[in-house]
Amino acid sequence: MTPPPDQPLLTSAHDRWVARDAAVVWHGFTQMSSYAENQPVMVESADGHELIDVDGNRYLDAISSLWVTTLGHNVPELDQALREQIDKVAHTTLLGNGNRATVELAEALAPRVPVPEPHFLFASDGAAAVEQALKIAFQYWTNQGVTTRNRYLALGGAYHGDTVGGISLGDGGFGTDVFDPLRFAVLRAPGYDDPGWADTACALIAAHADELAAVVIEPLVQGAAGMWVTDPQSVERVGDACHEHGVLLVADEVATGFGRTGTLFASEQCRIRPDIMTIGKGLTGGYLPMAATIASRRVYEAFLGPDLGERTFYHGHSFSGNALCAAVARRHLELFDELDVLTNVRERAGELAILLEKFAGERPGVVGDVRRRGLMTGVELAPPADGLRWGRLVCAAAVRRGVLLRPLGDVVIVMPLLTSTPDEIERIVTVLGEAVDEVCGT
Ligand SMILES: Cc1ncc(COP(=O)(O)O)c(C=O)c1O
């Protein structure tokens, strides 16, 4: 088909697909008027740790497809689990009914999560799991006749998804300011960029205990804030303060869960036992959209009462507990042990630390700070002026070299797959160095 004279001739498969894409798809967190100019990667397939675009170019997935993919793409065992479940049933409702695949998943997860005697309320995305957590925490108190505990404490820099509840807990940014009139107020302690954050959080918990339904934190790493990290003891102290004052502790492990920080859940390192926990992203190995809100027995039992009674949690999504997701998630959990994934994470994280220290040391004044827990890493660039878009340009230069990276502002996020090899870790840091040198003139 010949394009009309005012349209450019699109020669590569990439350009043709991007044009088709921009004509009908609306991408999240993306200014669509510059979408095509920013040279998006147009994926057609994958091969293990690499993505293959419509022109056959390969990219090492160094962002784990926005922090969801754990073991890689086309994992034979996960593919097989999906095939086996699809021959049984793809989806049935969990509202008032059950399905075997979901029961088996919850049974497998129960002994592995840090929540005491857990019950799982499934959802499809992290934000929905957080929303459920907020509502559960609120109703937990009202079910017991306590109507004054109706506020939440969240941290500076927090990100908990982009539903209205999520952005209320969140500390703004990412263009959410436009929704300020919709956001409900929360009590705000500082984030992990402030070394005194836990002292302030504990003081606020003590001072406002009577009003607080829950404290919501991302244990150990505030991901979307730019990979700000804290020490486990600080998180533990905040957990203790919640316990002491009877405030529910919600651990949002949507990003930190499933091995990213070197343990299955970051809460384990912090020695906290959350009353409520949210998981998502890596739950299905990044294959399918599944998340969950996990409630401790104490929380769950506050909802028990007469059939159709008001203590019931009147909340549930159409695809809650989807059987295909559940089957893949259960097999994924088994693979963590079979492949000894956590040992690999810790070993690769050690290598990444050494390589990034050298990389940063060789580029003083250009690389500001490297923050990391396990394989969750943020490399903060230090542009000499505003508006230079170093983060975006460095990632684009890395993509041209076949390593897929994506920034948060001027923080380059490095989130290697949990099964990365030493060579892949080295390749990521080498390419990052070349990209920084190209863009920042080092
Ligand atoms: C800590 C945390 N909570 C919640 C979310 C929202 O998850 P989703 O994007 O699946 O809605 C994210 C996403 O990055 C996150 O990092």
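Each reported figure results from applying straightforward, stated rules to the coordinates on display, with no laboratory input. Remember, predicted model here, so these are calculated numbers, not experimental data. Counting neighbours? That spans all protein chains shown, and the Cβs are built from the backbone with ideal geometry, glycine included.
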Whole angstrom only: what separates the Cα centroid of the stretch 85-123 from the Cα centroid of the stretch 136-206? 29 Å
Using a Gaussian network for the chain with springs between C-alpha atoms less than 10 Å apart, which of these wobbles most: GLY262, GLY196, GLY170? GLY196
Could I get the Rg over Rh figure for the stretch 76-338? Both from C-alpha atoms, Rh via Kirkwood, rounded to two places. 0.96
Take THR200 and SER45, extend 7 Å from each Cα along the Cα→Cβ direction, and tell me the distance between the two endpoints in nm. 5.2 nm
For the Cα atoms of the chain, what angle does the longest principal axis make with the long axis of helix 126-142, in degrees from 0 to 90, nearest 10? 20 degrees
Most exposed first by the Cβ proxy, i.e. fewest other Cβ within 10 Å, how do ILE428, ILE52 rank? ILE52, ILE428
For the stretch 167-262, fraction of C-alpha pairs farther apart than 24 Å, in %: 22 percent
Note the per residue figure in Å³ for the convex hull of the C-alpha positions in the stretch 62-122. 132 Å³
What fraction of the DSSP beta bridges in the chain is antiparallel, stated in percent and rounded to the nearest 5? 65 percent
Enter the angle in degrees (range 0 to 90, nearest 10) between the Cα long axis of helix 76-86 and the first principal axis of the Cα atoms of the chain, meaning the one along which they spread out most. 60 degrees
Near LYS88, which lysines are there with a Cα under 27 Å away, not counting those fewer than 8 places off in the same chain? LYS281
Rg ratio (alpha-carbon, reference 2.2 N^0.38 Å) - the chain: 1.00
Identify which of PRO274, PRO219, PRO384 has the largest mean-square fluctuation in a Gaussian network model of the chain, with springs joining Cα atoms closer than 10 Å. PRO384
Under 5 Å, built H, 5+ apart or other chain: amide partners of TRP228: GLN222
GNM, the chain, Cα, under 10 Å: largest mean-square fluctuation among GLN39, GLN139, GLN233? GLN39
Helix 100-109 against the longest principal axis of the chain: what's the angle in degrees, Cα atoms only, rounded to the nearest 10? 90 degrees
